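Structure record follows, encoded as structure tokens.
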Amino acid sequence: MTDNPLTYITRPGGSVCGDIRLPGDKSISHRSIMLGALAQGVTEVDGFLEGKDALATLQAFRAMGVRIDGPHNGRVTIYGVGLHGLKSPTAPLYLGNAGTAMRLMAGLMAPQRFDVELTGDKSLSMRPMRRVVEPLRDMGAVIETSPEGYPPLTIRGGCLLKGLSYDMPMASAQVKSCLLLAGLYVKGEVSVTEPSVTRDHTERMLRGFGYPVTVEGHRVTISGGGVLRATAVDIPADISSAAFFMVAASIAPDADLLLRHVGVNPTRTGVIDILRLMGADITITNERLVGGEPTADIRVRSANLKGIDIPKTLVSRAIDEFPVLFVAAASADGVTVLRGAEELRVKESDRIQLMVDGLQALGVDAQSLPDGIEISGGEMDGATIESGGDHRIAMAFSVAGLLAKGEVIIRECRQVATSFPNFVELADSVGFRLQMIEEV
Ligand code: S3P
């Protein structure tokens, strides 16, 4: 694979029909490597996402002496070294575009005996880290960031961490997970209270590895001193990747799409709730629990979507899906308003600004609000769109291309490989007219 710029071009007239399985969940893939590496025994993972972000986590643990075989068709075998078995890496750990890797690993690295430096690409190097560094420092960690609070993170080894009771100022599963993972090493307990519900994959997977976690309302507590025991992890398809296809099938004419084995953890299903409020035709079948995570098949058919005021209570449960939900809003009848979503400005890009700019380029009436967006649905023209190197912006505009009257040219699509390496192939397999052009 090269790093040459990659452009997507969509042509009008695509359709969305078929029966597909999407790649594995990114959040769960990261966590499977982390807990598998620190467990006692051999962990077998199935459905691992072979995207750049999760592979960066895998490489980081290899660099700390963990034997990891694979991935081969989504199967990874991790030979756990136990909570105290990691070795000092010989170079900084490069985590690419992966905010989840950096924030969760900050919590795992702070209590180790060795020093470590965590670095990332241009986008990750502009993402706020004080949200994890400050509470970790309160626990006794010694961590340095850039003066603005950005990576690289330089983490000093040999610090004994103490317990913490923390009221999280923002709804962030990454911050919550960072502190819970640091809690594996404390004398005492770590307890995190979140302002609204965020994804609970860390809590579920810790339990799957035999480690007790207590949840009371919005407060999660873990005590140090336990042991992680290797287990089998079966990773469902990522609902955040499914979201692109759910919106595509909702807005394209005569669409009928079945998405198999998708993770439908209730902390992640805000996208389904929002689309249903907009009038989407979504049926969920075959619901089951796979390795502690709710999983189901999702059928989506064309519908006439209408604009809505998105309830604030759904924001943290749909946080990664807003770029494509804005495309749904752009094709709906009436006005859609989102508030209370300022976190979108500090994702892989400022997702509010890039979506407003791109939608306006397509001729849509979209306005940026400090903490959200207002979109009046209407027709979309062709245009050239800057994705800002953000995977979800690039995929969202590929979906817009289904309805645009002309070609949509989307620039800087290389990072789609961080979360969805076979996006173009799968999109074309269900009827998108999407082409990839690599500059040489
Ligand atoms: C993630 C949490 C979310 C999400 C990210 C993955 C995780 O970030 O946006 O893509 O795996 O914990 P925040 O916790 O910063 O909201």
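The values are calculated or read from the model by the stated rules, or taken from the named source; none is laboratory data. What you see is a predicted model; the values in this text were computed from it and never measured. Please note: Cβ atoms are built from the backbone with ideal geometry, for glycine as well, and neighbour counts cover all protein chains shown. Note: areas computed on protein heavy atoms with side chains; ligands, DNA, RNA excluded. Shrake-Rupley method; radii C 1.70, N 1.55, O 1.52, S 1.80 Å.
Only Cα pairs within less than 10 Å get springs; with that Gaussian network setup on the chain, which residue of 390, 238, 19 has the largest fluctuation?
It is 19.
Given a Förster distance of 41 angstrom, what is the FRET efficiency for residue 156 paired with residue 277, based on the Cβ-Cβ distance and rounded to 0.05?
Rounded to the nearest 0.05, the efficiency is 0.30.
Rounded to the nearest 20 Debye, what is the dipole magnitude of the chain about its Cα centre when Lys and Arg each give +1 and Asp and Glu each give -1 at the C-beta?
Working: 43 positive and 52 negative charges, 281 e Å.
Dipole about the Cα centre, nearest 20: 1340 debye.
Enter the accessible area per residue of segment 26-234 (Å², integer; probe 1.4 Å; all protein chains in place).
38 Å²
With every protein chain left in place, what is the accessible area of residue 21 in Å² (1.4 Å probe, nearest 10)?
Using a 1.4 Å probe on the heavy atoms, I get roughly 120 Å².
Treating cross-link reach as a plain straight distance, find the lysines whose alpha-carbon is under 18 Å from the alpha-carbon of residue 122, omitting any fewer than eight places away in the same chain.
Partners within reach: 52, 347.
With θ set to phi - 60°, apply the Karplus curve 6.51 cos²θ - 1.76 cosθ + 1.60 along segment 74-82 and write out the HN-Hα couplings as whole Hz, x wherever there is a Gly or Pro.
Result, ordered by residue: x, 9, 10, 10, 10, 8, x, 10, x Hz.
Given bins 10 angstrom wide, list per bin the percent of all Cα-Cα distances in the chain, short to long.
Pairs per bin, as whole percents: 5, 22, 33, 25, 12, 3, 0.
Count the net charge of all other residues whose Cβ sits under 14 Å from the Cβ of residue 316, scoring Lys and Arg as +1 and Asp and Glu as -1.
Values: positive: 176, 199, 268, 312, 317, 339, 347; negative: 194, 200, 273, 320, 321, 342, 343, 371.
Its environment carries a net charge of -1.
What does the helix-only formula give at 222 nm for the chain: each DSSP H stretch with n ≥ 4 adding -39500 (n - 2.57), the total divided by the residues, and the result rounded to the nearest 500 deg cm²/dmol?
Helix contribution divided over all residues of the chain: -8500 deg cm²/dmol.
For residue 164, list long-range residues whose amide hydrogen, built 1.01 Å from N in the peptide plane, is under 5 Å from its own amide hydrogen.
Residues meeting the amide H criterion: 189, 190, 191.
Given R₀ = 30 Å, what would the calculated FRET efficiency be for residue 72 paired with residue 19, taking r from the Cβ atoms and rounding to 0.05?
With a Förster radius of 30 Å, E is 0.80.
Counting only protein heavy atoms and using a 1.4 Å probe, what share of the accessible area of segment 183-262 belongs to carbon plus sulfur, as a whole percent?
Carbon-and-sulfur percentage of accessible area, whole number: 51.
Taking 0.36 nm per residue of separation and subtracting the Cα-Cα distance, what length does fully extending residue 436 through residue 353 add?
Roughly 27.4 nm would be gained on extension.
Counting other Cβ atoms within 10 Å of each Cβ, which GluC sites (Glu not before Pro) in segment 81-165 have at most 15 and sit in a DSSP loop?
148
Can you pull out the trypsin sites (Lys or Arg not before Pro) in segment 90-132 that DSSP calls coil and that have at most 15 other Cβ atoms within 10 Å?
Values: sites: 103, 113, 122, 130, 131; in loops: 113, 122.
Loop-located and lightly packed - 113, 122.
Please give the FRET efficiency for residue 345 paired with residue 254, using the beta carbon to beta carbon distance and R0 = 35 Å, rounded to the nearest 0.05. Spell out each step's value before the answer.
Working: r = 37 Å, r/R0 = 1.05.
My answer for the efficiency is 0.40.
Apply the Karplus parameterisation 6.51 cos²θ - 1.76 cosθ + 1.60, with θ equal to phi minus 60°, to every residue of segment 197-214 and state each ³J(HN,Hα) to the nearest whole Hz, in sequence, with x for glycine and proline.
5, 10, 3, 10, 5, 5, 4, 5, 6, 4, 4, x, 8, x, 10, x, 9, 10
What does a probe at residue 79 reach in segment 21-42, counting residues whose amide N is under 13 Å from the point 7 Å along Cα→Cβ?
The answer is 41-42, whose backbone nitrogens lie closer than 13 Å to the label point.
Taking the 0 to 90 degree range and rounding to the nearest ten, how far is the long axis of helix 99-109 tilted relative to the main principal axis of the chain, both from C-alpha atoms?
It works out to around 10 degrees.
Can you give the Kirkwood hydrodynamic radius of segment 26-234 from its Cα pairs, in Å with one decimal?
Averaging 1/r across every pair of different Cα atoms and inverting gives 16.7 Å.
Can you give the charge dipole size of segment 115-272 about its Cα centre, rounded to the nearest 20 debye, using +1 on the beta carbon of Lys and Arg and -1 on the beta carbon of Asp and Glu? If you can, show how the numbers build up before the last one.
Values: 16 positive and 17 negative charges, 68 e Å.
So the magnitude is around 320 debye.
How far is helix 239-251 tilted off the main Cα axis of the chain, in degrees rounded to 10, range 0 to 90?
On a 0 to 90 degree scale, this one is about 10.
In terms of the Cα gyration tensor, with a ≥ b ≥ c the square roots of its eigenvalues, is segment 110-171 rounded because a/c is under 1.5, prolate because a/b exceeds b/c, or oblate?
It comes out oblate by the Cα gyration axes.
Kindly write out, for segment 273-285 in residue order, the coupling ³J(HN,Hα) from the Karplus curve 6.51 cos²θ - 1.76 cosθ + 1.60 (θ = phi - 60°), rounded to whole Hz, with x marking Gly and Pro.
Those phi angles translate into 4, 5, 4, 5, 4, 7, x, 5, 9, 10, 10, 10, 10 Hz.
How about residue 405: which lysines have a C-alpha closer than 16 Å to its C-alpha, ignoring those fewer than 8 places off in the same chain?
Correct list for residue 405: empty, as no lysines qualify.
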